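**Q** Please find one structure pasted underneath; my questions will follow.
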Amino acid sequence: MFNKLVIASGNAGKLREIQQLLAPLKIEVLPQSAFNIAEADEPHCTFVENALAKARHASLHSGLPALADDSGICVDALEGKPGVHSAYFGGEPRSDDKNNKTLLNALVKETGRAAHYYCALVFVHSHDDPQPIIAEGIWAGEILTEPRGTGGFGYDPLFMDLNLGKTGAELDLDVKNQISHRGQALRQLIKKLKNLQG
């Protein structure tokens, strides 16, 4: 079993969630910034392809096994948008506030507000790993008409879990990690890693 892992992300919120979920495995989790690794290009139209590109990039430049996440929010009324473009839906420079305002403006004339978060996680032992481990998670909910809560990141203040009646920004991190798309995908990935180890 490896004891060090690089996370192919510069997103502080993602890093916090992933580090907390991996803590029981006693693996040292390092952000790619610890190696001065620039963010990889994400030219693909699917979450899985972008996550794989990021994982290979981080592993190549760190020499360590790498874990990459590509995730976003998909809104039914917008035919799945913003999807893979979630991080920069509001344009450059990227900001959660701009992205959330752009999403609300796009939904002004829409009646249906069903949406889901999707996460693809990819783990590679090395940059040229021929058998990347892939896991996915989906968190269903709906988009509110105004933000609620101060926690989380991304679209969390607008995304409401219908079972709990709370937005992602109103949930404690422990609760969010139990139900979120990233939490689901990471638990699935950990199970696959353990199976590999025997």
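**Q** Residue by residue, what Karplus-based ³J(HN,Hα) values in Hz, rounded to whole numbers, does segment 181-193 have, using 6.51, -1.76 and 1.60 with θ = phi - 60° and x for Gly and Pro?
**A** Per-residue couplings from phi come out as 4, 6, x, 4, 5, 5, 5, 5, 5, 4, 4, 5, 5 Hz.
**Q** Right, another one. Only Cα pairs under 8 Å and at least 6 apart count here; give the relative contact order of the chain as a rounded whole percent.
**A** On the way: 406 pairs, mean separation 36.0, N = 198.
About 18 percent, as a whole number.
**Q** With θ set to phi - 60°, apply the Karplus curve 6.51 cos²θ - 1.76 cosθ + 1.60 along segment 129-135 and write out the HN-Hα couplings as whole Hz, x wherever there is a Gly or Pro.
**A** Using θ = phi - 60°, the values come out as 3, x, 10, x, 9, 10, 9 Hz.
**Q** Considering the chain as a Gaussian network with a 10 Å cut-off on Cα pairs, which listed residue, P65, P24, P132, attains the greatest mean-square fluctuation?
**A** P24
**Q** So if I place +1 on the C-beta of Lys and Arg and -1 on the C-beta of Asp and Glu, and nothing else carries charge, what would the dipole magnitude of the chain be about its Cα centre? I want it in debye, nearest 20. Let's see the in-between values first.
**A** On the way: 20 positive and 24 negative charges, 91 e Å.
I would put it at about 440 debye.
**Q** Report, to the nearest 10°, how far helix 96-106 tilts away from the longest principal axis of the Cα atoms in the chain, using its own Cα long axis and a range of 0 to 90°.
**A** The two axes meet at around 50 degrees.
**Q** Let me ask something else. Neighbouring Cβ atoms within 10 Å as the yardstick, rank V122, V75 fewest first.
**A** V75, V122
**Q** Another question, if that's okay. Give the aspartates and glutamates reachable from K98 as a straight Cα distance under 18 Å; neighbours fewer than 8 places away on the same chain don't count.
**A** The reachable aspartates and glutamates, counting only those whose Cα sits under 18 Å from K98, are E146, D156.
**Q** Taking amide H atoms as placed 1.01 Å from N in the peptide plane, list the residues 5 or more away in sequence, or in a different chain, whose amide H sits under 5 Å from that of H127.
**A** L60
**Q** How tilted is helix 47-62 with respect to the longest principal axis of the chain? Cα atoms for both, answer in degrees (0 to 90, nearest 10).
**A** That works out to roughly 40 degrees.
**Q** What pairs in K54/K101; K26/K166; K81/K109; K26/K192; K166/K192; K101/K166 have C-alpha atoms more than 21 Å from each other?
**A** Working: K54/K101 27 Å; K26/K166 32 Å; K81/K109 15 Å; K26/K192 17 Å; K166/K192 31 Å; K101/K166 19 Å.
From the list (K54/K101; K26/K166; K81/K109; K26/K192; K166/K192; K101/K166), the Cα-Cα distance tops 21 Å for K54/K101; K26/K166; K166/K192.
Read the figures in this text as sums done on the coordinates, not as results from a lab. The shown structure was predicted, so the numbers you read here are calculated from the model rather than taken from an experiment. All Cβ positions, even for glycine, are placed from backbone atoms using ideal geometry, and neighbour counts span all protein chains on display.
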